[in-house]
Amino acid sequence: MSFLSSEMNWFILQFFLILMFLSFWIKPSRISISKTVLLKYFAEQFEIALKTKKDGPKLLFLSIFLLIVLSNISGLIPNSFTATSHLTTNLFLSVPMWVGFFIFGWVTFTNKMLAHLVPNGTPTALISFMVLIELISTSIRPFTLSIRLMANMVSGHLLLTLLGNSMVNISMFLLVVMVSVQTLLALLETGVCLIQAYVFCMLLTLYSDESDYTK
């Protein structure tokens, strides 16, 4: 059953990509125009957060954003599994990025990274404790980032599943009410999928800014 669920996820992701990036018309359709506008908007947001005009970093975060969005939304389709509700999938995205930022910052800007561990105005007696606290808070960033995404995906999808399972052997009136509530929750969960992917990528851009002092 898990094998079939995995195969269904890959098919759904490919289906979304075909709908988004393949066009069979000479003139762009409304869906194509809407897709282009949304991608340009998010690309501009990442460019502002990264504080750079280079296309490479912007496209990297935009690709991660699209991957997370498609994975989140695919979980709303029945008989499919949300890949981002699994902690290992989120860690696979966050840990390599964070490690790259961390190594780049310490190798290139060693003195500034050391100074970043002690905030301005810290009393001398508390410097050792502040260094320890900053190191711990910096080290757990990829885990908190992954857990946040996982918790939001699991909670919303679990609520939809529980509502769906409660529709067995109920009256027609309650069935209509439950379907209406579940439809509204599904629309809300679609927005949550988009927002959580955006938050995930924006936090990664903030982590990159803290390791790059050339900007």
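Tabulated values for the structure
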{"read-out": "Residue tally, condition hydrophobic (A, V, I, L, M, F, W, C), at pLDDT 80 or above and either more than 16 Å from LEU67 (Cα to Cα) or not in a helix (DSSP H, G or I) (or both), over segment 1-48", "value": "2"}
{"read-out": "Condition met for SER71 (assigned to a loop (DSSP other than H, G, I, E, B) and in contact (Cβ under 8 Å) with a residue 12 or more places away in the chain)", "value": "no"}
{"read-out": "Members of segment 67-105 that are touching an Asp or Glu at 6+ places or on another chain (Cβ under 8 Å) and either more than 26 Å from ALA186 (Cα to Cα) or open to solvent by 70 Å² or more (accessible area, probe 1.4 Å) (or both)", "value": "PHE101, PHE104, GLY105"}
{"read-out": "Segment 164-175, residues that are exposed (fewer than 11 other Cβ atoms within 10 Å of the Cβ) and either within 24 Å of VAL192 (Cα to Cα) or touching a residue at least 40 places away in the same chain (Cβ under 8 Å) (or both)", "value": "ASN165"}
{"read-out": "Hey, ILE64 surrounded by fewer than 21 Cβ atoms within 10 Å (Cβ to Cβ) and over 18 Å from LEU204 (Cα atoms) or not", "value": "no"}
{"read-out": "Residue check, THR161 open to solvent by 40 Å² or more (accessible area, probe 1.4 Å) and free of Cβ contacts under 8 Å to residues at least 12 places away in the same chain", "value": "yes"}
{"read-out": "Tally of residues being part of a helix (DSSP H, G or I) and modelled with pLDDT under 80 across segment 107-121", "value": "7"}
{"read-out": "Helices (runs of 4 or more DSSP H) (entirely within segment 122-215) containing at least 3 residues that are farther than 26 Å from LEU70 by Cβ", "value": "127-139, 172-211"}
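The values are calculated or read from the model by the stated rules, or taken from the named source; none is laboratory data. No experiment lies behind these values; they were computed from the predicted model shown. Positions of Cβ are backbone-derived with ideal geometry, glycine not excepted, and every protein chain shown enters the neighbour counts. To get the accessible areas, we keep the full protein, side chains included, count just its heavy atoms, and leave off ligands, DNA and RNA. Shrake-Rupley method; radii C 1.70, N 1.55, O 1.52, S 1.80 Å.
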